[in-house]
Amino acid sequence: MRIYEDTYRHKGMRKQLVDAIRGKGISDERVLDAMMNIPRHYFMDSAFDKIAYEDRAFPIAEGQTISQPYTVAYQTQLLELKPYEKVLEIGTGSAYQASVLAEMEAQVFTIERQRTLFELNKEFGFLKKYPNLKFFYGDGFEGLPTYGPFDKVIITAAAPFIPPKLLQQLKTGGKMIIPVGEGQVQRMLRLTKTAEGAISQEVFDDFSFVPMLEGKNN
Ligand code: SAH
């Protein structure tokens, strides 16, 4: 069960979380503002109410996780998002990351391979606040060719390799943020499409994501 009430206590805990994330080196105030505006406890079972504002990942349905707030902030900051940009997210999960992108006025397209998680988000009233956020059930390795090309692509699961179709769906000048690696730990990369067929790569910190899996799951 979830509780959709945002009390002063929740807002206070959220402010502390945002300050802690700023203290860990996130400096993009638009990212921090978006996280201040989104009640993270709405995205989790009420059993987690008291710990929803700890800087930790938590279990959601289907053995999946809602990413750690610091990780969400880190990936979002690397995106260098501008309002109205088209963003493709792979791995909707709880839809928390997608909401942060939507709160920052991007046009967000997010894909989830687990049908149960996809269905849960269709019934999640808070998300109706974002007409600029669209949900898809499918395999993220395929991307969304009919809606592309995208200004930005963000992958929120551990990618075993850089999915070629996602690179194809990136605009020239566009950026992809992707944690790559098959073991427990992945390296965060930022890829920039400098020209058709030309990619430059920057390497950032290590993170731990659930795996990006091929195909979709009923
Ligand atoms: N962005 C999420 C974190 C999700 S965890 C959040 O803010 O909560 C990673 C998610 O990626 C899981 O829900 C998993 O089911 C999904 N996933 C894994 N492989 C995928 C694929 N190939 N296509 C789409 N989603 C995928």
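The values are calculated or read from the model by the stated rules, or taken from the named source; none is laboratory data. Just so it is clear, the structure is predicted and the values come from calculations on it, not from any experiment. Positions of Cβ are generated from backbone atoms using ideal geometry, with glycine treated the same way; all protein chains shown enter the neighbour counts. What goes into the accessible areas is simple: the full protein's heavy atoms, side chains included, and nothing from ligands, DNA or RNA. Shrake-Rupley method; radii C 1.70, N 1.55, O 1.52, S 1.80 Å.
Quick notes
- Residue pairs meeting the criteria (Cβ under 7 Å; at least 6 apart or on separate chains; first touching a residue at least 24 places away in the same chain (Cβ under 8 Å), in the range 28-47; second among the basic types (Lys, Arg) and not in a helix (DSSP H, G or I)): 42/2; 45/2; 46/2
- Among (1) at pLDDT 95 or above; (2) within 14 Å of the ligand (Cβ to nearest atom); (3) not in a loop (DSSP other than H, G, I, E, B) - the single one residue 128 does not satisfy: (2)
- Total residues in the range 189-218, condition open to solvent by 70 Å² or more (accessible area, probe 1.4 Å) and within 16 Å of the ligand (Cβ to nearest atom): 6
- Residue under evaluation residue 31, criteria (1) away from the ligand (no atom under 16 Å from the Cβ); (2) at pLDDT 95 or above; (3) farther than 22 Å from residue 136 by Cβ, criterion not met: (1)
- Qualifying positions in the range 114-125 - within 11 Å of the ligand (Cβ to nearest atom) and either assigned to a loop (DSSP other than H, G, I, E, B) or open to solvent by 40 Å² or more (accessible area, probe 1.4 Å) (or both): 115, 116, 120
- Pairing each residue of the range 137-149 that is open to solvent by less than 20 Å² (accessible area, probe 1.4 Å) with any residue that is more than 9 Å from the ligand (Cβ to nearest atom) and of a type in the set (D, E, K, R), provided the two are 6+ apart or on different chains, yields C-beta distances under 6 Å for 143/165.
- Residue, farthest from the ligand (Cβ to nearest atom), within the range 166-188, restricted to residues that are among the polar types (S, T, N, Q) and open to solvent by 40 Å² or more (accessible area, probe 1.4 Å): 172
- Within the range 1-43, the set of residues being open to solvent by less than 50 Å² (accessible area, probe 1.4 Å), farther than 26 Å from residue 81 by Cα and in a loop (DSSP other than H, G, I, E, B) comprises 6, 7.
- Applying the criterion of being among the acidic types (Asp, Glu) and under 14 Å from residue 1 (Cβ atoms) to the residues of the range 44-59, the residue that is most open to solvent (accessible area, probe 1.4 Å) is 45.
- So residue 74, is it in contact (Cβ under 8 Å) with a residue 60 or more places away in the chain, closer than 27 Å to residue 16 by Cβ and among the aromatic types (Phe, Trp, Tyr): yes
- Members of the range 60-113 found to be within 6 Å of the ligand (Cβ to nearest atom), in a strand (DSSP E or B) and open to solvent by less than 40 Å² (accessible area, probe 1.4 Å), listed by number: 66, 90, 111, 112
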